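Worksheet: one structure, shown below.
Coordinate-derived values only; no laboratory data. These figures come from a predicted structure and were not determined experimentally. Cβ atoms come from the backbone with ideal geometry, glycine included; neighbour counts cover every protein chain shown.
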Amino acid sequence: MTKLSVNLNKVALLRNSRTLGIPSVTRCARIAIEAGTHGITVHPRPDARHIRRDDVFELAELLRAYPAIELNIEGNPFHQVLDLVKRVRPHQCTLVPDDPAAFTSDHGWDVAAHAGRLRPVIDELHAIGARVSLFMDPEPASMALARSIGADRVELYTEPYARAYGSGAQASELARYAAAARSAQAAGLGVNAGHDLNLDNLPEFLAAVPDVLEVSIGHALTADALELGLHATVRAYLDALGGVSKRGDPRP
């Protein structure tokens with residue numbers, strides 16, 4: 001079954017609009033874990049517009065009680081995130097080529113252009129025991145190069161599919177993602193996916209794209225939680241992935 005990692009950025013964005021500390025990022029993480037999520041994702045940016053450094057440390061401490069739950073830290077390795085990653089030592093680090101001023105992540109790596117800079121970063125992350133995923137556009141020809149510089153996985157940037165969902169372009173977009181996934185897997189990479197996936201478009205994506213290991217979902221999941229509640233929403237996404245898992249059990 002494809003695993004779910006709940007992205008808490010939008011919870012932090014709402015929290016940051018006041019000085020009351022609510023909603024609590026760590027409380028929401030605990031609710032998601034108790035509902036059955038397999039992982040927690042955060043994307044701390046240099047301007048701390050949503051997730052802050054303290055959040056990352058608090059989440060890492062929380063997850064000590066839940067050894068089966070993975071922490072995934074996303075970010076641009078050339079914009080101040082590596083120091084944080086080295087201190088926290090997450091299970092996975094997803095390297096994203098976003099500009100600090102970007103509204104949201106909107107493209108994958110040009111690996112050919114950045115291979116020389118990325119390779120030593122990947123080596124550093126492997127040295128601390130982190131699995132490394134590169135945020136990538138669904139371009140089959142780029143996957144072997146991503147593997148050649150040491151990446152363990154790629155996260156396919158799925159906004160183009162989400163935009164095409166329900167239109168005449170949906171089938172061709174899905175074919176493009178399926179080809180990229182197969183190319184990545186043939187090169188020895190695991191395949192993750194994320195960006196604008198939701199309860200409507202997720203099942204068809206997973207039916208067409210083979211062997212997706214993990215999806216990271218935040219914006220749509222947080223919006224759904226306003227209507228359904230966070231616990232019920234996480235369960236709904238797990239159902240969309242193919243079945244509800246057991247809740248994360250803390251250490252005694």
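Pick out which of Pro44, Pro120, Pro90 has the largest mean-square fluctuation in a Gaussian network model of the chain, springs linking Cα atoms closer than 10 Å.
Looking only at Pro44, Pro120, Pro90, the largest GNM fluctuation is found for Pro120.
Treating only the Cβ of Lys, Arg, Asp and Glu as charged (+1, +1, -1, -1), what charge dipole size does segment 91-166 show about its Cα centre? Round to the nearest 20 debye.
The dipole of segment 91-166 has a size of about 240 debye.
Pop the C-beta distance of Ala141 and Arg49 into the FRET formula with R0 = 41 Å and round what comes out to the nearest 0.05.
That pair, Ala141 with Arg49, gives E of 0.75.
What is the set of long-range amide H partners of Asp98 at a cut-off below 5 Å, with H atoms built 1.01 Å from backbone N?
Asn76
What FRET efficiency do you get for Ser148 and Asp211 if R0 is 25 Å and r is their Cβ-Cβ distance, rounded to the nearest 0.05?
0.75
Given the Cα-Cα distance of Ser172 and Ala115 and 0.36 nm per residue of separation, how much length would full extension add, in nm?
17.6 nm
Within the P(r) computed for segment 1-113, what percentage of the Cα pairs occupies the region above 17 Å?
54
In square nanometres and to one decimal, what's the mean projected area of the convex hull around the Cα atoms of segment 3-241?
12.1
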